[in-house]
1. Return the distance in nm (one decimal) between the two label points of a simple spin-label model at Thr430 and Arg170, each offset 7 Å from Cα along Cα→Cβ.
2. Which lysines, if any, have their Cα less than 18 Å from the Cα of Lys181, not counting same-chain residues under 8 positions apart?
3. Would you please put 369-376, 146-153 in order of how densely packed they are, using the mean number of other Cβ atoms within 10 angstrom per residue and starting with the highest?
4. Give me the percent of Cα-Cα pairs in the range 179-246 that sit more than 19 Å apart, rounded to a whole number.
5. Of Lys159/Lys463; Lys375/Lys441; Lys221/Lys319; Lys269/Lys304; Lys110/Lys319; Lys214/Lys375, which pairs sit farther than 32 Å apart, going by alpha carbon to alpha carbon?
6. In Å and from the alpha-carbon atoms only, list the Rg and Dmax of the range 338-456.
7. Applying 1/(1 + (r/R0)^6) with R0 = 30 Å to the Cβ-Cβ distance of Ile409 and Glu53, what FRET efficiency is obtained, to the nearest 0.05?
8. Could you please report the charge total around Asn443, scoring K, R as +1 and D, E as -1 over all other residues with beta-carbon less than 13 angstrom from its beta-carbon?
Amino acid sequence: MNLSRIMGVEYAFPLPLCTGGKKRHTFLLLNHTIIKTIIGEKDMESLWEQTWEKPDFPSQDGDMNTDVLIIGGGMAGILCAHQLHCAGVPYVLAEAETICSGITKNTTAKITSQHGLIYDKLISRFGVEQAKQYLDANEAALQTYRELCRNIDCGFEEKAAYTYSLDDRRKIERELEALDKLGFPAEFVDKLPLPFHVAGAVRFPDQAQFHPLKFVSGIAKGLHIYEHTRVRELMGTTAVTDYGRIRAKKIIVTTHFPFLNKHGSYFLKLYQHRSYVIALQNAPYVDGMYLGEEQAGMSFRNYKNLLLVGGGDHRTGKKGGGWRELRDFVRRHYPQAEEQYHWATQDCMSLDSVPYIGPYSASTTDLYVATGFNKWGMTTSMVSAMILSDLVQGKENPYEKVFSPSRSILHPQLAVNGFETVVSLLTPTTKRCPHLGCALKWNPQEHTWDCPCHGSRFTEAGKLIDNPATGNLKK
């Protein structure tokens, strides 16, 4: 058998597989090792990473003073910097590695105020007024992207967004009733260009998708960004890095999972979720953005000649379908498709499906945060920038109340997070997360050590991949 094409990648040599007994098993293992070595981390790079030219920024050079320090150079941090730059506010952005090297590079890049079937839930939890705040904030974020992308070559396209249910039409109807209360022109549809029947779907008109990293290349030009500048310690509003100190009047933390444990109780308010994407050639054009409302619901969108299929979700550190689930789906429904890229991402999930954007905690001053984006990082990054750029200038923002990090934490998910933490802390294992000491779990699909408590992830050799941990595993 000749495997000259594996997972959409062509190789210049055959990989022989012997047959029969232990000999075959040995060669299978050998070839798995060869494949893993050849593909390496490059194969795990997203479509976006492999199709952009990353701008370079210097490292910090000595002590500096500024009005606002932004810690974290993903989409949220860069948009905060852009907003402050346009407002003429002195700022500095410090990124531990390189911009967008964390979660931003792995998004599916949908810009939409349709975040699943959220509005019926928001009205039940917070009332019509705050649900309307949430909707208006995300629609304002979409409009801001629309205006910025006019001058940036980033594949910005306006598309309708759909959330579908496979078997519960009533859920769709309730969401439409909620949106009618909010005055939003959503529509019911029951036929989609997807290879399965749906009970119904909510259609949002005039939403958007883009190439996120090409957008960043355009928006980051001229911003005061310092790469490879990890903040090691905060003393009030002074940050200590390997290159000196950054003295600021106010600090914004946009590090995905907040790295300060002693304020805000984010180790209780957040958990992390992994999801997976494959990009297919010779697959249908679906002309829109689609998401299943079920826990195992799948995501679809096109980028040029590729179809992006997402799913396989699970809590970080737990078992899930991963790429295997997606590839099984593709084999059944798109047998002619060829996989060109595959990657995974990780999202901070809040207790009530609403992000935490605002003052870091009720007990801190001049310290702000944006986190818990619940898989909607592109739109919510812009919402964060709009809110936080106002707050650090002493201005009120019309959307700040619904996103306040100090709102109630009394939700069922809090008990789930607490249970997972206790179980993990009591699990005997030699691999412990340096964040808060939870037991790490081996992820066989991605060959990583993952923390089920708060989502830190490490390579097989112990190098840090995802926070909230701030360092590698001890040997």
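1. The modelled label-to-label distance comes out at 5.4 nm.
2. Those lysines meeting the cut-off are Lys121, Lys132, Lys171.
3. Working: 369-376: 25.4, 146-153: 13.2.
My ranking of the peptides, most packed first, is 369-376, 146-153.
4. For the range 179-246, the fraction of Cα-Cα distances above 19 Å is 67 percent.
5. Lys159/Lys463; Lys221/Lys319; Lys269/Lys304
6. When restricted to the Cα atoms of the range 338-456, Rg and Dmax are 17.5, 53 Å.
7. In this case the efficiency is close to 0.10.
8. Values: positive: Arg274, Arg315, Lys318, Lys319, Arg324, Lys431, Lys441, Arg457; negative: Glu446, Asp450, Glu460, Asp466.
Local charge sum for Asn443: +4.
The values are calculated or read from the model by the stated rules, or taken from the named source; none is laboratory data. Given the structure is predicted, the values throughout are model-derived calculations rather than measurements. Ideal geometry is used to build each Cβ from the backbone, glycine not excepted, and the neighbour counts take in all protein chains shown. Side chains included, ligands, DNA and RNA excluded: accessible areas come from the protein's heavy atoms. Shrake-Rupley method; radii C 1.70, N 1.55, O 1.52, S 1.80 Å.
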